[in-house]
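The values are calculated or read from the model by the stated rules, or taken from the named source; none is laboratory data. All figures in this text were calculated on a predicted structure; none of them were measured in a lab. Quick reminder, even Gly has a Cβ in these numbers, built from the backbone with ideal geometry, and neighbours come from all protein chains shown. To get the accessible areas, we keep the full protein, side chains included, count just its heavy atoms, and leave off ligands, DNA and RNA. Shrake-Rupley method; radii C 1.70, N 1.55, O 1.52, S 1.80 Å.
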Amino acid sequence: MNSSRSFAFAADDISFVFLTSACLLFSFRAFAFLILGFDFLMFLSRVYLGEHWTSDVIGGILLGISLAFL
């Protein structure tokens, strides 16, 4: 993914990752540990690298999971 250096609320890259992961979890529950581990690393990396604020990432997580249920 290309970083847009945008600090807008609800991180779009995290929303996409969690949307994809939630859809994968519906189909491949056996890989839940691997999928959720990847998600956790994405969460940490976005905050650690200063790409997003913690609240932006949490908003992106909630948005991505919500969209997966639609």
Inset, instruction - Would you check if LEU36 is within 14 Å of ALA68 (Cβ to Cβ) and modelled with pLDDT under 95? - result: yes
Inset, instruction - Report, ordered by the first and then the second residue, all pairs with beta carbons closer than 7 Å, sequence separation of six or more or different chains, a first member in region 56-70 that is free of Cβ contacts under 8 Å to residues at least 60 places away in the same chain and under 15 Å from LEU36 (Cβ atoms), and a second member that is among the polar types (S, T, N, Q) and surrounded by 19 or more Cβ atoms within 10 Å (Cβ to Cβ). - result: GLY64/SER15
Legend entry - Selection from region 37-57 of residues that are open to solvent by 80 Å² or more (accessible area, probe 1.4 Å) and either of a type in the set (S, T, N, Q) or within 16 Å of PHE9 (Cβ to Cβ) (or both): TRP53
Inset, instruction - Six or more apart or on different chains, Cβ under 8 Å: which pairs go from a residue in region 14-26 that's part of a helix (DSSP H, G or I) and surrounded by fewer than 18 Cβ atoms within 10 Å (Cβ to Cβ) to one that's of a type in the set (D, E, K, R) and at pLDDT below 95? Could you list them? - result: none
